[in-house]
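Written below as C-alpha cells is the structure these notes are about.
The values are calculated or read from the model by the stated rules, or taken from the named source; none is laboratory data. Owing to the predicted nature of the structure, the values given are computational and were not obtained by experimental measurement. We place every Cβ from the backbone using ideal geometry, glycine too, and count neighbours over all the protein chains shown. The protein model used for the area step is the full one, side chains on, heavy atoms only, and it has no ligands, DNA or RNA in it. Shrake-Rupley method; radii C 1.70, N 1.55, O 1.52, S 1.80 Å.
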Amino acid sequence: MSIPDPAAFVRANTELLAPPLVPEVRIHLAHEALPLWERTEEELGEMGLPPPYWAFAWAGGQALARHILDHPALVAGRSVLDFASGSGVVAIAAAKAGAARVVANEIDAFALAALAENAAANDVRLECAAADLIGRDDGWEIVLVGDAFYEKPLADRLAPWLDALARRGATVLVGDPGRTYLPKGRLASIAAYSVPVTRALEDSEIKRTEVWRWPAPAPAEAGGARRS
C-alpha cells in the first residue's frame with residue numbers, strides 16, 4: 001500500500017472547526033472521531049505510521065491554548081517551543097498572543113502537514129521542527145507541553161529534559177487533564193478548566209484540565225548541579 005500524501009489526507013479527512021474552549025482558532029479536526037481513528041489504524045498502521053493524534057483537540061492542548069490567549073503577556077515578544085504540537089492549537093494560540101517566534105515540534109509527517117494547513121487557516125507563522133527535540137536546548141524562553149504524559153517511556157524522557165530547561169530559566173507550562181504519568185505532585189497548578197472533549201476517545205464528555213508550571217528542580221534534585 002502506498003503512503004498517502006499527508007496534506008491531501010488531512011484535507012480529505014477533516015473539517016476546519018473551532019475547538020470548544022478556543023473559538024478564536026480554527027483547525028483541521030476529525031468531525032467523527034472513531035471512523036477516522038479506525039481507518040487510520042487499519043490503513044496507516046499497515047505502513048507503520050502513528051495514529052492521527054493531530055486530528056483531535058485534546059484537553060491539555062485546549063486548556064493550555066485558552067490560558068495563553070487569556071494571558072498573552074506570558075508569551076508576547078518571546079521565543080516559544082510547542083512540544084508534540086499535534087494540531088498546533090497551542091502553537092497557534094501563542095502566535096496569536098504575540099510571540100516573537102513559535103516553533104511547533106512534531107515527528108509525524110501527517111501532523112506536520114496539519115500544522116502547515118492550520119497555520120495558514122489562522123494566518124499565523126509557525127516554524128515546524130520535524131525532529132525529536134528531547135534533550136536539545138535551542139534557547140526557547142517559553143516551552144509549552146500539551147497532553148504529552150500518556151505513556152511512561154515518553155514521560156520518563158520528558159521529565160529530565162523539562163527539568164534542565166526550567167533550571168536554565170525557561171518557563172515551562174504543561175496542560176494536562178491528569179494523565180497517568182504526569183508528575184503532578186511536584187508541579188504547581190496555575191489554572192483549571194472544564195474542557196469539552198470527544199467521548200469516543202475519552203472517559204467523559206468534560207475533562208477537568210489544569211495548566212501546570214514545571215518548576216526548576218532544587219540542587220539536590222538535580223544531582224547537585226548548580227543553577228546556571
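At a glance:
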read-out: The range 92-228: relative contact order in percent, alpha carbon pairs under 8 Å with at least 6 residues between; value: 20 percent
read-out: Dimensionless Rg/Rh of the range 60-181 - Kirkwood Rh, Rg from C-alpha atoms; value: 0.93
read-out: Cα convex hull of the range 125-199, projected area averaged across orientations, nm²; value: 6.6 nm²
read-out: Fraction of beta bridges assigned by DSSP in the chain that are antiparallel (%, nearest 5); value: 50 percent
read-out: Segments 159-168, 53-62, 144-153 sorted - mean Cβ within 10 Å per residue, highest first; value: 53-62, 144-153, 159-168
read-out: Interchain or long-range residues, amide H under 5 Å from ALA99's placed H; value: GLY77
read-out: Rounded percent of accessible protein surface that carbon and sulfur make up, the chain, 1.4 Å probe; value: 50 percent
read-out: Farthest toward positive dipole pole in the chain [+1 Lys/Arg, -1 Asp/Glu at C-beta], among LEU115, VAL10, ALA129; value: ALA129
read-out: Square roots of five times the Cα gyration tensor eigenvalues for the chain, Å; value: 28, 19, 18
read-out: Å² of accessible area per residue within the chain, as computed with a 1.4 Å probe and no ligands counted; value: 45 Å²
read-out: ³J(HN,Hα), Karplus 6.51/-1.76/1.60, whole Hz, each residue of the range 17-26, x for Gly, Pro; value: 9, 9, x, x, 8, 10, x, 6, 10, 10
